[in-house]
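Working notes, structure below.
The values are calculated or read from the model by the stated rules, or taken from the named source; none is laboratory data. Since this is a predicted model, take the numbers as computed values, not measurements. Methodologically, a virtual Cβ is constructed for each residue, glycine included, from the backbone with ideal geometry; neighbour enumeration extends over all protein chains shown.
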Amino acid sequence: MARYRGALCRLCRRESEKLFLKGDRCFTEKCAIERRQYPPGQHGQRRGKLSDYGIQLREKQKVRRTYGILEKQFRIYFKKAAGAKGVTGEVLLQLLETRLDNVVCKIGFAPNRISARQLVTHGHFLVNGKKVNIPSCRLRVGDVVELKETSRKLALVNDSISKIEHRGVPSWLELDAKDFKGKVLQIPAREDIQLTVQEQLIVELYSK
């Protein structure tokens with residue numbers, strides 16, 4: 001599976017805001033945005049004003065990089081959102097939020113989406129009692145995500161769960177830390193998705 005293997009902090013600096021790609025590190029003063037608040041590269045500090053297209057592109061890149069998705073897969077998500085009922089931009093974000101790797105991260109089983117994706121790929125989770133190792137698996141209301149019993153001593157998972165009180169669990173999800181289970185209570189509304197992005201600009205970009 002193709003994926004980005006470069007420096008994560010570089011992506012945050014390119015979008016000029018925190019994408020929280022490194023989990024707890026992003027909340028500390030070690031975060032690259034805190035130290036260098038300008039885009040990477042030789043001309044990072046001299047970049048001019050963006051055009052309308054440039055602004056739309058940056059919004060799309062921000063979402064794509066936040067969820068760790070490549071361009072081809074992102075286009076597929078957009079086509080699904082465009083063909084579904086509701087506001088296209090909002091539906092797009094809902095499709096991305098209900099990915100298994102994102103839910104695993106939001107519930108608190110992993111410190112960030114990259115770690116969550118790795119745990120899912122290695123087969124550490126069950127969805128409704130069945131093993132699932134596809135990070136992009138879409139979850140629906142009522143689905144239960146459970147850590148396999150043989151994986152419950154993983155230091156990464158236990159350390160992440162111990163810090164979930166600091167990060168908090170979204171209202172559309174439920175965590176049972178004692179039994180290492182999580183449940184999707186509802187499809188997240190736009191106000192439940194804590195992502196500072198103007199999704200309508202993405203719709204305009206792909207509508208050209």
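Looking only at residues of the range 70-79 that are touching a helix residue (DSSP H, G or I) at 6+ places or on another chain (Cβ under 8 Å) and part of a helix (DSSP H, G or I), we find that the one that is surrounded by the fewest Cβ atoms within 10 Å (Cβ to Cβ) is GLU71. Counting residues in the range 155-171 that are outside the structural domain of GLY68 (by TED's automatic domain parsing), out of contact with any Cys (no Cβ under 6 Å at 6 or more places or on another chain) and modelled with pLDDT of 95 or more gives zero. With the requirement that a residue be surrounded by 14 or more Cβ atoms within 10 Å (Cβ to Cβ), on the phi < 0 side of the Ramachandran plot and outside any helix (DSSP H, G or I), what does the range 48-69 give you? Within the range 48-69, TYR67, ILE69 qualify.
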